[in-house]
Amino acid sequence: MRYRDIQLDENGRLRHFLSIEGLKRQMLMDILDYAENFITVGGRSIKKVPLLRGHTVTNLFFEPSTRTRTTFELAAKRLSADVLNININTSATTKGESLLDMLRNLEAMHCDMFVVRHAQSGAAHFIARHVAPHIRVINAGDGSHAHPTQAMLDMFTIRRHKGEFADLRVAVVGDILHSRVARSQIHALTTLGVHEVRVIGPETLLPQRVEELGVHVYHHLPAGLEGVDVIIMLRLQRERMQGALIPSEREYFELYGLTEEKLAFAKPDVIVMHPGPINRGVEISSEVADGPRSVILEQVSNGIAIRMAIMSMIMGNRFGSEEEEQ
Amino acid sequence: MRYRDIQLDENGRLRHFLSIEGLKRQMLMDILDYAENFITVGGRSIKKVPLLRGHTVTNLFFEPSTRTRTTFELAAKRLSADVLNININTSATTKGESLLDMLRNLEAMHCDMFVVRHAQSGAAHFIARHVAPHIRVINAGDGSHAHPTQAMLDMFTIRRHKGEFADLRVAVVGDILHSRVARSQIHALTTLGVHEVRVIGPETLLPQRVEELGVHVYHHLPAGLEGVDVIIMLRLQRERMQGALIPSEREYFELYGLTEEKLAFAKPDVIVMHPGPINRGVEISSEVADGPRSVILEQVSNGIAIRMAIMSMIMGNRFGSEEEEQ
Amino acid sequence: MRYRDIQLDENGRLRHFLSIEGLKRQMLMDILDYAENFITVGGRSIKKVPLLRGHTVTNLFFEPSTRTRTTFELAAKRLSADVLNININTSATTKGESLLDMLRNLEAMHCDMFVVRHAQSGAAHFIARHVAPHIRVINAGDGSHAHPTQAMLDMFTIRRHKGEFADLRVAVVGDILHSRVARSQIHALTTLGVHEVRVIGPETLLPQRVEELGVHVYHHLPAGLEGVDVIIMLRLQRERMQGALIPSEREYFELYGLTEEKLAFAKPDVIVMHPGPINRGVEISSEVADGPRSVILEQVSNGIAIRMAIMSMIMGNRFGSEEEEQ
C-alpha cells in the first residue's frame, strides 16, 4: 500500500519501478506484454528505437556493479537516451542531506530518470520519495531488499517458455536470506498466481517466517525439486554472508548444488534459471548450466528487453502525471 | 590585453573561453543573450539540438570533479556532440613536454574542443596557447585563478532576476582568497557595470590588495549585506586552506554564515546564490539555502544553458578564423 | 594457417582482425584502399558516418590503455556505433571459465564487436575462438604478440608517402623484443613485399632467431639506416623490461636514439615513424620527432581512419557468414 503510493501515479499508471510489492497482477502482465515489443530489437541489425531520444538517464551507482550498470546502459542507449554514469563513493554521502542536495542538482540539470543501485535496503524508495514529480526512479538493487527488474526478466523468461503461470510449480533454491533477487521473485511469482512457489535451502540461509510470503519450505533439494516446472538457482552471495552459515562450498554443492542427477527429480521439460554470474561447482554444475534445460543466457537477453520496456513505460507515463502534480 | 590575444580571433570573435578578464562588456552580454536560446531546451521533452553534431568534445580533467564534468558532458551531449572523458593523473604528466605531446595526439585524432580542469592556475591558458588554430579550449576551473563559465551562469541568473546590472549592489561572501569562482565573478560584475561590488570575509580569507579589483571590503557581514540586491555565498574550500585561517567552522558560521537573521539586512527582494556544493551550517543555513530568496538550483539549470551557449558560440566562430590562420 | 581459419570466413572475407599473420597481401591492400574513404571524415565539420548505427562496440580492456581505448572509442563513435567501455581487473577473471561466462553474457546482450586489449599473448585469439559466429573481435594489443591495427596504420602512412611498397627499405629500430607493434609491423612489411626490412637494436632487445622473420639485423644504428626510405622507431618499453637489458637511458640514446646526425645516413626523403607515446631524449630527439621528416602525428590521424575501416569491413562481412554458419 505504502509502495503503491510511490510507484503509481494518481491514475494508477507506473511512475517509478522500485519493488514488485505493491504492483498488481495486471500491471506485471502489462510490463511483460510491452517487453515483447523489445525482444526483437536486440536481434535486429540496427538495435535502436527513438523512444527516449533527447532524454537523460542517470545511472546512480552507490555500489559498484559493472554487470548491472551495463544492462541499463545498453537498454537506455538502444532507446536513444543520453546516459550519464555516476559512481558515488558512499563514504562521501553519508549524510542524508548531501544525498538530497545531489539529487536536487541532478534534477536541476534536467536529468529525467535515476537508475539507483545501493547497498542499503530502501535507498531507491527514499530517493523516489524525494525527487521532483517529473523524475522517474528505477531500483537496480538495494541491499538485500529488492531487485525488481531482475525478477521481471525472470517472469518474462518463464512466460516465454511456459505460457500460463497458473499451473506452474516453481522452486527457488539457495541463499534466500541474502538475496535481493529472491524476495522480488517470490513476490512476482505469487502475484502472477503460480500454483506453488517452493524455497529450498539450509535453515541458515532462509529468512525467518519465510512461509508468510506464501511459499513452501524444503531443506532437501531432491524432495523440493519433485515435479517442478521451473528451477531458479540463486548465486551464493559469499560476500554477504556473515560468519560461517555454510560448512564449506564443497559441502554446499553436495547438498544444494544443481547437478544432472538432482535435475532428474523435476519435470522433464523443467527450465533452469540463474541471475548470474554463476559460481560453477558451487551452486550449479557446468553440465546443468550449459545443458539443454538451462535458459540462463536467454535471461540476459530478456533483461535488456525488460529494462527497455520499463524505462519507456514509466517515461511515457510522465507527461500526464506531471500536469496533475505541478 | 594578453588574454584578449588568446581568447579572441582577429575579428574579435570568441575563440576560447578561458577567463572573464580580457573580455569586453558587449561580449559578455552577447553570451548572456545567446544563452537565452538554450534555457528552454532543458525543459523540452527532447533536450537535444544538432548544433555540435559530429564534433568531438574532450573533457581533459587533470583534477577530478564529477560535478563539473557532468555539467559539461550534459551540455555537449545535448548539443549532439560526441564526448570523450579523459582523466589525467597529474603525476604522470609533470613534464610540460608530455602534456604537449598528449595535446598534439588529441588534435591529430580530430578532437575539436578541450574542456580543461586543472589544479594549477594558468593551465587552460597554457593549453590554449599551444593548440592548433582550429581547436577550441574552455577553462573549467584552473587552480585558484578562474572558473569563468561559473561566473557567466551567475551573471545569467542575476540578469534573469534583476534585469539591468547598472543599479545593483552585489555582495560576494566568504573565502575569496581560495576561490577561483570569486575572481571570475568580480571581473564579470565590474565589467557588466554593476553599481557596487562588495566582498565580505575575514582578513585571512581575502586576497591582499583586493580593493584594486574595484570592490569594497567588509569584515562585518550585517554591515556588508546592508541594502544589497544579490548575495553570492562562496563554498568554504576546506581542502584548499593551508594552516588555521579560520578558528573553527562553528565560529565561521557564527560570523559569516548566512542565516535568516542576517539576510534581513539585505533588500527584501535580494537573491541568494551559491556555486555549490553547499556546506549546510558552515557558510549557509538550510533555512536560507532552501528558502524563497535562494536561486541556487536555478543556477545549476542555467549552468547547462550557459555552457551550451559558450560551446556552440566558440565552435561556430571556428571556420572563419581557421581560413585566416592557416 | 591456424590464424586464417579464425580471421577469415568461409568465403575468405575478414571476420576478425587479430594479427597480420595469416592475412594475404591482397587483404592488406583491400584494408588500405578502404581506409582511404575514412581519411576525409576526420577533416570534415561533421565527423560522422552512419555505417555502424545501432551496433554495439564493446571495448574489453583487461589492461588499462587510455590512449588505445580512445582511438577505438572515437572510431566507433564516428561510425555512429554505441560504445561500451568495460575495464576488467584481470585478477578477477583468472579462471578461463569466468572469462567465457562474461563473453556469453555480453553476447546475450547483443554486443556486436569486442575490441580486446590484454597483457597476455593470444588473448584476442582465444576470445575469437570462443565467441558466437556473429560476433566480431579486434585485437587492440595482446602481450608482446601483436598490435595489428597499429601495424596497418603504419602501412597506410607509408603508402600515402611512398606509394609502392616494392622498392622500399624500411628500418625498425629499438626494443623489438618487447614490442607487440614490431612483430605486427614486420609481418605486414614482408607480406606487402617491401624490398628490405631491417631491425636495428642491441642484441639484448632483439628476439632470438629474428632473422627467420625475413629481416636483416643491424646492431649499429648508422649502418642500419644507410639508404632507408622509412624509419620506424619503437618506444622503449621500460615497464616490460626484466632486469638490466640496457645500461642506462643515456647510453641507449647515445647508441640507438634517433638524432638529426644519424638521420643523415638515411635517404633524404626518409620518413620517421613512431607508435607513440614518444620518450623524448630516450629513443628519439625532439628535433627529429618534431622535424620535417617526422610523420608521427599523421600516424595518429591515420589510426582513426584505419580503425574505422577495419571495424566497418568486418561488420559488413557479418551477415553473409552468419547465414552460412547458423
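The values are calculated or read from the model by the stated rules, or taken from the named source; none is laboratory data. Remember, it's a predicted structure, so these values are computed and weren't measured experimentally. Here the Cβ positions follow ideal geometry from the backbone for every residue, glycine too, while neighbour counts run over all protein chains shown.
Return the only residue of C:ARG159, C:ARG209, C:ARG235, C:ARG183 being within 19 Å of the chain's Cα centre (by Cα) and without any contact (Cβ under 8 Å) to a residue 40 or more places away in the chain.
So the residue among C:ARG159, C:ARG209, C:ARG235, C:ARG183 that is within 19 Å of the chain's Cα centre (by Cα) and without any contact (Cβ under 8 Å) to a residue 40 or more places away in the chain is C:ARG183.
May I ask you to verify whether B:HIS195 is farther than 24 Å from B:GLY122 by Cα, in contact (Cβ under 8 Å) with a residue 40 or more places away in the chain, over 12 Å from the mean Cα position of the chain (by Cα) and surrounded by fewer than 21 Cβ atoms within 10 Å (Cβ to Cβ)? Working first, answer last.
Values: farther than 24 Å from B:GLY122 by Cα: yes; in contact (Cβ under 8 Å) with a residue 40 or more places away in the chain: no; over 12 Å from the mean Cα position of the chain (by Cα): yes; surrounded by fewer than 21 Cβ atoms within 10 Å (Cβ to Cβ): yes.
No; evaluated as a whole, the condition is false for this residue.
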Self-check item: Residue list for the stretch B:264-300, restricted to those being touching a Ser or Thr at 6+ places or on another chain (Cβ under 9 Å), surrounded by fewer than 21 Cβ atoms within 10 Å (Cβ to Cβ) and not in a loop (DSSP other than H, G, I, E, B)
Solution: B:ARG280, B:GLU287, B:GLU298
Self-check item: Members of the stretch B:133-150 that are within 13 Å of the chain's Cα centre (by Cα) and buried (at least 20 other Cβ atoms within 10 Å of the Cβ)
Solution: B:ILE138, B:ASN139, B:ALA140, B:GLY141, B:ASP142, B:SER144, B:HIS145, B:ALA146, B:HIS147, B:PRO148, B:THR149, B:GLN150
Practice problem: Would you check which residues across the stretch B:40-74 are more than 8 Å from chain A (Cβ to nearest Cβ) and farther than 21 Å from B:HIS147 by Cβ and list them? | Solution: B:THR40, B:VAL41, B:VAL49, B:PRO50, B:LEU51, B:LEU52, B:ARG53, B:GLY54, B:HIS55, B:THR56
Quiz item: Within the group C:LEU153, C:LEU189, C:LEU177, which residue is part of a loop (DSSP other than H, G, I, E, B) and in contact (Cβ under 8 Å) with a residue 24 or more places away in the chain?
Solution: C:LEU177
Practice problem: Considering each of A:HIS130, A:HIS110 in turn, give the residue that is surrounded by fewer than 23 Cβ atoms within 10 Å (Cβ to Cβ), within 9 Å of chain B (Cβ to nearest Cβ) and under 27 Å from B:GLY303 (Cα atoms). | Solution: A:HIS110
Exercise. Tell me, yes or no, whether the stretch B:9-19 has at least one residue that is farther than 17 Å from B:PHE114 by Cβ and within 14 Å of chain A (Cβ to nearest Cβ).
Key: no
Exercise. Looking at (1) at the interface with chain A (Cβ under 10 Å from one of its Cβ atoms); (2) more than 21 Å from B:GLN150 (Cβ to Cβ); (3) at pLDDT 95 or above, find the lone condition where B:LYS77 falls short.
Key: (2)
